[in-house]
Amino acid sequence: MKYIMFEDFAGQPVPVIFPNRIDHMDMREQMPYATVLGAGYVQLRDGVVSCHGGSKAMGKEARTVDADIIREKFENPDH
């Protein structure tokens, strides 16, 4: 799966996860958030979330902190 980490209007990170067949830029154009913090690929293996790669078109890479943010969103979806 691919992901883009946006900054929401309150300054909080918001991950958007989507299928590999959708381009990062196509998804980016659909989102109202102005700031992209990171982008790349996300996977879950043996209960561990990891992020890697990036989006050349957006000039963004997966960040180390992105996997922790995504894992936290799954564990506490209301936060």
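Tally up the carbon and sulfur contribution to the accessible surface of the chain as a whole percent, 1.4 Å probe, everything protein left in place.
About 51 percent, which is the carbon plus sulfur part of the accessible surface.
Per the helix-only calculation at 222 nm, which mean residue ellipticity applies to the chain, given -39500 (n - 2.57) for every DSSP H run of n ≥ 4 and division by its residues, nearest 500 deg cm²/dmol?
Mean residue ellipticity, 222 nm, calculated: -7000 deg cm²/dmol.
Once you put a point 7 Å from the Cα of ARG21 and another 7 Å from the Cα of ALA57, both along the Cβ direction, what distance in nm separates them?
Between ARG21 and ALA57, the label points sit 1.6 nm apart.
Hey, got the dipole for the chain? About the Cα centre, +1 on K and R Cβ, -1 on D and E Cβ, debye to the nearest 20?
Result for the chain is approximately 300 debye, rounded to the nearest 20.
Can you give the extra length, in nm with one decimal, that the chain gains between VAL48 and HIS79 once fully stretched, where that is 0.36 nm per residue apart less the Cα-Cα distance?
9.2 nm
Please give the per residue accessible area of the stretch 2-75, computed with a probe of 1.4 Å over protein heavy atoms only, in Å².
The answer is 61 Å² per residue.
The values are calculated or read from the model by the stated rules, or taken from the named source; none is laboratory data. Note that the structure is a prediction, hence the values are computed from the model and not measured. Heads up, the Cβs are rebuilt from the backbone with ideal geometry, glycines too, and the neighbour counts pull from every protein chain shown. SASA here: full protein model, heavy atoms, side chains in, ligands and nucleic acids out. Shrake-Rupley method; radii C 1.70, N 1.55, O 1.52, S 1.80 Å.
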